[in-house]
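Presented below is the structure to which this report refers.
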Amino acid sequence: MARVAKELGFTTMSLYRHVASKDELLQLMWNASATGAETLVLEGDGWREKLRMWAVFQREALDQHPWITQMPMTAPPLAPNSVHFVERALEALDGTGLRDSAKLQIIGMISVYTLSEARMANDAARSVQQATAAGQPPDPATHLSYELILRELVDEKTFPRVYRLAWSADEAEPLSAREEFLFGLDLILDGVQALIDRTSAAD
């Protein structure tokens, strides 16, 4: 709080007139990053397209504000914009026949996945920036595929399956970060569809 006040040109005590604690300041920052959630319109023919758009919107917000990935996550964000964002996701799942508790679990799972992917991408970018600023070569792991790294680390006798994975990797152009994110997201949505089908059959 003292550092924030200094950068703003105020005393620490004057800052406390506006926010009661660091935790409150972080909640306000999170809420500000979700600006636009209250007017977000999810487009698509069904729940899947709408929920996919919701997740992409969330990922784009995290990429636009990478500092979010460094915030402590002790509790779900409860500020107005964040609650609007949850409302939009619940709206996307209208008509699926799922219980509200299941819908909330789905939203949480997608959010955890989205945050994890954004955090890894942000950590890799920060590592490159820090190495560049220090005049050092970046860590090869930040720009090489997992398969290429494994080729330097594993031997066929000890890790036969991992070795096969490393050397049978597609020669095609590797997926971009966005393509990898969407691939994982679609797997989660496949699971949601399976849950909807099981719930419908049970009913």
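The values are calculated or read from the model by the stated rules, or taken from the named source; none is laboratory data. As the structure is a computational prediction, the values presented were derived from the model and not from experiment. Because the Cβ atoms are built from the backbone with ideal geometry, glycine has one as well, and the counts that use them run over all protein chains shown.
Mind checking which residues of the stretch 40-56 are assigned to a helix (DSSP H, G or I) and surrounded by fewer than 19 Cβ atoms within 10 Å (Cβ to Cβ)? The answer is Arg48, Glu49, Met53, Val56.
Take the residues in the stretch 84-98 that are touching a residue at least 40 places away in the same chain (Cβ under 8 Å) and over 14 Å from Gln193 (Cα atoms), then tell me which one is surrounded by the fewest Cβ atoms within 10 Å (Cβ to Cβ).
The selected residue is Glu91.
Filtering the stretch 24-55 to residues that are acidic (Asp, Glu) and either touching a residue at least 12 places away in the same chain (Cβ under 8 Å) or in contact with a Pro (Cβ under 8 Å, 6 or more places away or on another chain) (or both) leaves only Glu38. Against the condition surrounded by fewer than 17 Cβ atoms within 10 Å (Cβ to Cβ) and modelled with pLDDT under 90, how does Thr11 come out, does it pass? Taking the combined requirement at face value, the residue does not satisfy it. Residue pairs whose Cβ atoms lie under 8 Å apart, separated by 6 or more positions or on different chains, with the first residue in the stretch 114-131 and farther than 22 Å from Leu51 by Cβ and the second aromatic (Phe, Trp, Tyr) and at pLDDT 80 or above, do not occur.
Criterion first (of a type in the set (S, T, N, Q), farther than 30 Å from Phe183 by Cα and assigned to a helix (DSSP H, G or I)) does Gln27 satisfy it? The answer is yes for Gln27. Residues in the stretch 57-94 that are of a type in the set (S, T, N, Q) and assigned to a helix (DSSP H, G or I): Gln58, Gln64, Thr69, Gln70, Asn81, Ser82. Of the numbered criteria (1) surrounded by fewer than 18 Cβ atoms within 10 Å (Cβ to Cβ); (2) at pLDDT below 90; (3) of a type in the set (A, V, I, L, M, F, W, C); (4) touching a helix residue (DSSP H, G or I) at 6+ places or on another chain (Cβ under 7 Å), the one Ala37 fails is (1).
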